[in-house]
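A.B. asks: Below are the structure tokens for one structure; questions will follow.
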Amino acid sequence: MSDFLSGYSIQSWLESCPQGYLEGTQWGHRPGEHEPELILENPVLHEDAIRTTVQLVVGERCALAASSGLINAAPDEGSKRFLATQTLDEARHVEIFTHRLYDLGVKKAALEDCIRSYANPNLVRFAEVLLEKVDRKDFVAGVVGQNIVLEGMAFSVFEMMYALTHELNPKFGHTLSGTIADERRHVGFGENRIGSLVQEHPEKKPAIERMQKDWCDGGPARAAARRRRRRAPALRARRHGLRRGAEEVPAVLPEVARRR
């Protein structure tokens with residue numbers, strides 16, 4: 001276990017993250033970058049951008065609470081130190097996505113009302129279940145739910161959003177690229193830590209596999225898949241120039257759905 005944890009030290013984090021890919025950034029992107037006028041002026045794209053960013057804030061708030069809560073549940077010092085760096089990563093994510101909401105015109109006084117209005121109930125419920133396990137100091141369930149399931153889904157969604165938006169919206173693309181690098185590290189820790197646990201205690205493997213399956217079957221992954229299937233016809237219609245309401249734009253494709 002100690003060998004893999006050496007790659008997740010605070011020194012490694014300092015060199016790769018604040019002194020590496022984040023150096024020179026401001027709120028996660030390059031100084032002077034702004035949201036495209038098309039997003040700010042088009043009411044459909046504008047609302048879709050707000051709705052999508054709210055989901056990012058909700059997910060990252062959950063990740064922040066889970067990471068910080070798992071520190072004292074971790075059974076070894078190396079994992080505690082890694083989770084301390086992840087806690088700061090997640091706090092940064094909450095901050096930069098919240099700042100994007102401000103850039104999109106959400107007033108600070110209206111932030112929480114905005115989040116309550118747009119937050120996906122499946123994501124909110126997932127966060128509640130995960131944080132219940134973290135509060136019980138269930139380290140294995142917390143790492144599986146946080147670093148493998150939640151972070152794994154976030155990593156995939158962020159990569160897709162980056163691929164679809166970075167040319168059309170460089171500001172958001174740069175914000176996503178740094179977040180993707182963070183998520184890659186978080187998922188790597190989760191997979192390696194759970195893998196080392198299975199090596200040390202092979203009798204726990206069936207329970208861990210069952211836990212991961214339960215997270216995925218009962219969490220937002222299934223709901224997200226259903227939404228993608230339900231909204232696919234609307235996206236195809238948009239590609240052919242048909243006008244649709246904002247509620248039919250897939251949540252993970254807000255800035256580009258009307259341009260494709």
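Laboratory data are not the source of any read-out in this text; all were calculated from the coordinates shown. Bear in mind the structure is a predicted one, so any value in this text is a computation, not a measurement. Neighbour counts are summed over all protein chains in view; Cβ atoms, including those assigned to glycine, are modelled from backbone coordinates with ideal geometry.
A.B. asks: Collect residues whose amide H, placed 1.01 Å from N in the peptide plane, falls under 5 Å from the amide H of residue 25; neighbours closer than 5 in sequence don't count.
C.D. replies: Result for residue 25 returns nothing.
A.B. asks: Another one. State, as an integer percentage, the relative contact order of the range 2-219 based on alpha-carbon contacts under 8 Å between residues 6 or more apart.
C.D. replies: 26 percent
A.B. asks: Next question. Quick one: length gained pulling residue 14 to residue 125 fully straight, 0.36 nm per residue minus the C-alpha distance?
C.D. replies: Length gained, residue 14 through residue 125: 36.6 nm.
A.B. asks: Let me ask you something else. Taking θ as phi - 60°, what are the ³J(HN,Hα) couplings along the range 178-187 by the Karplus curve (6.51, -1.76, 1.60), each to the nearest whole Hz, with x for Gly and Pro?
C.D. replies: For the range 178-187, the Karplus curve yields x, 5, 4, 4, 5, 5, 4, 5, 5, 5 Hz.
A.B. asks: What list of ³J(HN,Hα) values in whole Hz, one per residue of the range 72-88 in order, does the Karplus curve 6.51 cos²θ - 1.76 cosθ + 1.60 (θ = phi - 60°) give from phi, with Gly and Pro shown as x?
C.D. replies: Couplings: 6, 8, 5, x, 8, 5, x, 5, 4, 5, 4, 5, 5, 5, 5, 4, 5 Hz.
A.B. asks: Tell me, rounded to the nearest percent, the portion of alpha carbon pairs in the range 2-219 spaced more than 26 Å apart.
C.D. replies: 37 percent
A.B. asks: Follow-up. So, by mean Cβ neighbours within 10 angstrom, what's the order for 140-151, 98-109, 195-206 with the highest one leading?
C.D. replies: Sorting 140-151, 98-109, 195-206 by mean packing, highest first, produces 140-151, 98-109, 195-206.
A.B. asks: Short version: ³J(HN,Hα) in whole Hz for each residue of the range 17-24, in order, from phi by Karplus 6.51 cos²θ - 1.76 cosθ + 1.60 (θ = phi - 60°), x for Gly and Pro, what are they?
C.D. replies: Once θ is set to phi - 60°, the couplings for the range 17-24 become 9, x, 9, x, 6, 9, 4, x Hz.
A.B. asks: OK, next. May I ask you to compute the full-extension gain from residue 136 to residue 198, defined as 0.36 nm times their residue separation minus their alpha-carbon distance, rounded to one decimal in nm?
C.D. replies: So the chain would gain 20.2 nm between residue 136 and residue 198.
A.B. asks: If you count, for each residue, the other Cβ atoms within 10 Å and average over each peptide, how do 123-131, 181-189, 70-78 line up from highest to lowest?
C.D. replies: In decreasing order of mean packing, 123-131, 181-189, 70-78 become 181-189, 123-131, 70-78.
A.B. asks: Turning to a different aspect of this structure: Expressed in nm to one decimal, what extension gain is obtained for the pair residue 21 and residue 160 from 0.36 nm per residue of sequence separation less their Cα-Cα distance?
C.D. replies: Extra length from residue 21 to residue 160 when fully extended: 48.1 nm.
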